[in-house]
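**Student:** I have a structure I would like to understand better, so I am pasting it below and will then ask my questions one at a time.
Since every read-out is calculated from the coordinates, none of them should be taken as a lab result. All values derive from a computational prediction rather than experimental measurement. Methodologically, a virtual Cβ is constructed for each residue, glycine included, from the backbone with ideal geometry; neighbour enumeration extends over all protein chains shown.
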Number of protein chains: 4
Amino acid sequence: MITIDSRSSKPIYEQIIEKIKENIIKGILKPGDKLPSVRELASLITINPNTISKAYNELERMNAIEVIRGKGTFVAQNFKPTMDEERMKEIKEQMKNIIIEAHYIGVDKDTLIDLFNEIYSQL
Amino acid sequence: MITIDSRSSKPIYEQIIEKIKENIIKGILKPGDKLPSVRELASLITINPNTISKAYNELERMNAIEVIRGKGTFVAQNFKPTMDEERMKEIKEQMKNIIIEAHYIGVDKDTLIDLFNEIYSQL
Amino acid sequence: MITIDSRSSKPIYEQIIEKIKENIIKGILKPGDKLPSVRELASLITINPNTISKAYNELERMNAIEVIRGKGTFVAQNFKPTMDEERMKEIKEQMKNIIIEAHYIGVDKDTLIDLFNEIYSQL
Amino acid sequence: MITIDSRSSKPIYEQIIEKIKENIIKGILKPGDKLPSVRELASLITINPNTISKAYNELERMNAIEVIRGKGTFVAQNFKPTMDEERMKEIKEQMKNIIIEAHYIGVDKDTLIDLFNEIYSQL
DNA sequence: GTGGTCTAGACCACA
DNA sequence: GTGGTCTAGACCACA
């Protein structure tokens, strides 16, 4: 299930990307599974098809899904995580920012680790 | 010291906010310390003054700094972290996304915890 | 033998055309040889018959194969290459693009010539 | 200069990508040079801004150009060709197809090599 | 039926 | 002024 938070400042297409990735990691979407067509998903969540298309294209670039001409869109079979230095650096940066943000609302290290474990157990 | 990555997709004003917050948390900037004026900082890092101004305004809204008319801008004295549900939810969301991103480049939970501790030790 | 890469961005019908042309040039398919019927090939490589049909039609237009009603499809007897300005221009264009693409992944002229000779020796 | 062939089957945004890459390789566009803004180029070649935007975004993904928020688009400074197996395989494939196409219009190996050298000398 | 391309046009954040 | 996002809607190639 994909839900969009229209009040979020995060672009819709990014929300879709994250939700689908999440579903793949959780095993809700398995390799080879067919995703709803661009138009189907568009009408399901009442979003413009172009926006869905943009999300699908980015997911394909990341090798998370495969778009097959005239057939549809599928969860990728051969997903192999590739250690990417660029993105590792980004993750570090984001993590630092989370820690700083947390500090500013009074959340300390231990609470953050608890939160971390909690999220992991839900995946 | 504030360094800006102009190629980053992160807006410059957000980069400034983060860097200043980071310096406060690290103790490099202490309560009462005077920050460079908007124009000073602007010429220091060759950034449009409007951008610096936006960053300072947001930092003031967060009570991280205080702007005193005719005197200058200072690190806030009375900073008290306030548990904010809204932002706690955001942090959770961001953390989940980091975990998902990390998974996609083959970084597992333990490595992520190591990274987490490493970042904390540098603050 | 014809193998199809369903993940390729190249349309299936074009892949079929290329594979058949390649087999003719390599001499695996000789003038007068009978090609599998549309339905046969369709079930052989599990592709929609319409797609095979489209490929065969284009090959016939190029005079590479001949369709004889009620008899079947055959590699053309009287194949005479015809210098076609239009297509020569296309080939030039494609070659330029290959050179540019190669440059962008760090492949220089000599390596490209080696590659060129290698491919020729395999035909 | 960027010219679009509207009769070509090649998508407009791909034509733009190729033309810009070509100009970079030829040295007509140098690192740090400012590209026309999305709207400028759009009105110059009377193409919809969205299409220009798509081309620029792909070029950025390839590290050929850099888009700087609110400032404009520039030829990348730090272009480093990265040997990419995936794309090397594609180039091989394309080269094989050119050789096959050339054969079908009666162009032999030597003529193709001459053509190859000619194109290189014009870059 | 499937996704890909393109246009026209609006609104927005950022510098 | 700059690019980014999104909508609405058209047309097309492909399977």
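**Student:** Non-local amide H neighbours of B:ILE65 (under 5 Å, H modeled in plane, Pro and chain starts lacking H): which ones?
**Tutor:** B:GLU60, B:ALA76
**Student:** In chain C, what residue has the beta-carbon at the shortest distance from the axis of the rotation relating C to A, and what is that distance in angstrom, rounded to the whole number?
**Tutor:** With distances in whole Å, chain C gives C:ASN50, 5.
**Student:** Moving on to the next point. Across region B:39-52, in residue order, what do the Karplus-derived ³J(HN,Hα) couplings come to in whole Hz, using 6.51 cos²θ - 1.76 cosθ + 1.60 with θ = phi - 60° and x for Gly and Pro?
**Tutor:** The phi angles translate into 5, 4, 4, 4, 6, 4, 9, 6, 10, 4, x, 4, 5, 4 Hz.
**Student:** When you look at the Cβ of every residue in A:61-67, what mean number of other chain Cβ atoms sits within 10 Å?
**Tutor:** Mean number of neighbouring Cβ atoms from other chains: 1.
**Student:** Tell me, what is the Rg over Rh of chain C, with Rh the Kirkwood radius over Cα pairs?
**Tutor:** Taking Rh as the inverse mean 1/r over Cα pairs, Rg/Rh reads 1.02.
**Student:** Follow-up question, since we're still on this one. Using θ = phi - 60° and the Karplus relation 6.51 cos²θ - 1.76 cosθ + 1.60, list the HN-Hα couplings for region C:88-105 in order, rounded to whole Hz, with x at every Gly or Pro.
**Tutor:** Karplus-based 3J(HN,Hα) across region C:88-105 equals 4, 5, 4, 4, 4, 4, 4, 5, 4, 5, 4, 4, 5, 4, 4, 3, 6, 10 Hz.
**Student:** To the nearest whole number, what is the average tally of beta carbon atoms from other chains within 10 Å of the beta carbons of peptide B:100-112?
**Tutor:** 6
**Student:** Taking K and R as +1 and D and E as -1, what net charge do the other residues with C-beta under 12 Å from the C-beta of C:ILE99 add up to?
**Tutor:** The answer is -1.
**Student:** Another one. From the label point of C:ARG69, set 7 Å from Cα along Cα→Cβ, how far away are the matching label points in the other copies, in nm, ordered shortest to longest?
**Tutor:** Sorted ascending, the copy-to-copy spacings read 3.1, 6.9, 9.7 nm.
**Student:** How crowded by other chains is A:113-121, given as the mean number of beta carbons from other chains within 10 Å of each beta carbon?
**Tutor:** The per-residue average across the peptide is 4.
**Student:** In addition: Expressed as a fraction of 2.2 N^0.38 Å, the rule-of-thumb size for a compact globular protein of N residues, what is the C-alpha radius of gyration of region D:1-72?
**Tutor:** For region D:1-72, the normalised Cα radius of gyration comes out at 1.04.
**Student:** Here's something else I'd like to know. Got a sec? Charge dipole of chain B, +1 on Cβ for Lys and Arg, -1 for Asp and Glu; which of B:ILE47, B:ILE98, B:ILE16 is way out at the positive end?
**Tutor:** Farthest along the dipole direction, towards plus: B:ILE47.
**Student:** Treating the point 7 Å from Cα along Cα-beta-carbon as the label, what are the nm separations from C:PRO49 to the other copies, to one decimal?
**Tutor:** Those label-point separations list as 2.9, 5.1, 7.7 nm.
**Student:** Which lysines have a Cα less than 19 Å from the Cα of A:LYS96, not counting those fewer than 8 places away in the same chain?
**Tutor:** Within the straight-line cut-off, A:LYS96 pairs with A:LYS109, B:LYS10, B:LYS19, B:LYS21, B:LYS26, B:LYS89, B:LYS92, B:LYS96, B:LYS109.
**Student:** In addition: Which residues in region B:89-121 have a backbone N closer than 19 Å to a point placed 7 Å from the Cα of A:GLU14 along the Cα-to-Cβ line?
**Tutor:** Only B:89-105 pass the distance filter.
**Student:** Shifting gears a bit: Quote the FRET efficiency, to the nearest 0.05, computed for D:LYS80 versus D:ASP5 with a Förster distance R0 of 30 Å and r equal to the Cβ-Cβ distance.
**Tutor:** 0.45
**Student:** How far apart, in nm, are the 7 Å Cα→Cβ label points at A:ASN57 and D:GLN122?
**Tutor:** Going by the 7 Å Cα→Cβ label model, 3.0 nm.
**Student:** Let me ask something additional. Taking each label point as 7 Å beyond Cα in the direction of the beta carbon, state the distances from D:LYS30 to the same residue in the other copies, shortest first, in nm.
**Tutor:** Reported distances to equivalent positions: 5.0, 5.9, 6.1 nm.
**Student:** For the protein assembly as shown, place one equal point scatterer on every Cα, skip the solvent, and apply the Debye formula. What is log10 of I(q)/I(0) at q = 0.07, 0.10, 0.12 Å⁻¹?
**Tutor:** Relative scattering, expressed as log10 I(q)/I(0), comes to -0.54, -0.98, -1.27.
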